[in-house]
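Just below is one structure, and these are the notes that go with it.
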Amino acid sequence: MDEAQIPTEKAEPHLLLNVALGILAGAFSGICLAFALENTNETIRTPGDVETQCLLPSLGVIPALTNGNSRNGHRSRNGHRALTPAESDKFLPVTLASPTSQVAEAYRSLRTTLLLASPGAPPKLILVTSALPGEGKTMTSINSAIVLAQKNRRVLLVDADLRRPNVHTRMGLSNNSGLSGALTGNEPEESYVSHPMLPALSILPAGHRPPLPSELLDSDRMRELVVRWRSEFDHVIIDTPPVLGMSDAVVLSTLADAVVLVVRAAESGRQSVRRAREVLLGVNAKLAGVLVNAVDLNSMDHYGYYGYYAKEYLHYYGADEEKN
């Protein structure tokens, strides 16, 4: 047969097949990209990351909050900038400013977890620290002390970060004498500041920065103060410097009944948290677990029921607050 007489078919595009193949290729690429991002992202994002990647129990989450504090106040007779009822709203942490908020409820949940963390009696001395700076340990210390005092427990909040103290700033206090003064011979009672809204809460600021903070914290005098605090208070919350890079928190962790390690969601690295865990467990510290701070619940759809119920809780209290 002549080649010119061979019938030919006109080539036509297979639109449905091409669309299907494109969808499959896109889905496969998306899955691969998500898998790659998941395995290259070294930050802590959820309590699940804490438990699976850092091998530590999760103590809960604190939702993200934007909250500023003013810096006004007056000096009390012992030289500390103390809160008065007229000025207290300028220095109120969220557990006092918005006690029915989602964040305040998260701190109360942390309180329950901590009180049940130790077998037998609840922990008296609770140390709050972090692997690195900027992860929220100070505000965790302050709000934890407040929710414990709201249970009519006698609570002492101690700022043991003698290098970069921050409790006095957050609470509207001056930083005279304080812990550093008590460690060099002053009576600690002279530096206690009572919160006007919570008579059960006493605050001991850090005081002036000493030349060798770690030497003062690792001293017989510090151990004497701890013994005294245990007899005078139901709970003592100690805010310390970060674990990595200095020995202050590590030294004090050996005196605590429970150690809380605070991490900031989507910022704290898994490697630093693992290293902090190794350091604390290396001195036999009673590491209660990890608190995941500043969690954006709107980005936690994969975190199942917690995100859903947290949003429902926020809606419930938001409606309640609108009535007040």
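With a/c under 1.5 counting as rounded, go ahead and sort the stretch 211-270 into rounded, prolate or oblate using the C-alpha gyration tensor (a ≥ b ≥ c being the square roots of the eigenvalues; past the cut-off, prolate if a/b is larger than b/c, else oblate). Oblate, since a/c reaches 1.5 and b/c is not below a/b. Using C-alpha pairs below 8 Å separated by at least 6 residues, the relative contact order for the stretch 185-239 is 17 percent.
Lysine pairs in the stretch 58-295 whose alpha-carbon atoms fall under 21 angstrom of each other, counting only those eight or more residues apart or on distinct chains, come to 5.
Please state the relative contact order of the stretch 58-295 as a whole percent: Cα pairs under 8 Å, 6+ residues apart? The partial results should precede the final answer.
Numbers: 492 pairs, mean separation 69.7, N = 238.
29 percent.
Is there a quick way to get the dipole size of the stretch 58-295? I mean about its Cα centre, with the Cβ of Lys and Arg at +1 and of Asp and Glu at -1; what is the value in debye to the nearest 20?
Details: 26 positive and 20 negative charges, 74 e Å.
With Lys and Arg at +1 and Asp and Glu at -1, about 360 debye.
Around the amide H of Asn293, modelled in the peptide plane, lie the amide H atoms of Ile62, Val263, Arg264, Ala265, all under 5 Å away and 5 or more residues distant in sequence or on another chain.
Give the Kirkwood hydrodynamic radius (Å, one decimal) of the stretch 58-295, defined as one over the mean of 1/r across all pairs of different Cα atoms.
For the stretch 58-295, inverting the mean 1/r across all distinct Cα pairs yields 17.6 Å.
Each of Asn186 and Glu278 was given a label point 7 Å from its Cα along the Cα-to-Cβ line. The distance between the two points is 4.0 nm. For the stretch 143-153, putting each phi into the Karplus relation 6.51 cos²θ - 1.76 cosθ + 1.60 with θ = phi - 60° gives couplings of 5, 5, 5, 5, 5, 5, 5, 5, 8, 6, 8 Hz, in residue order, rounded to whole numbers and with x for Gly and Pro.
Just so you know, all these numbers are worked out from the coordinates, no wet-lab data involved. Note that the structure is a prediction, hence the values are computed from the model and not measured. Neighbour counts run over all protein chains shown; Cβ positions are idealised from the backbone, glycine included.
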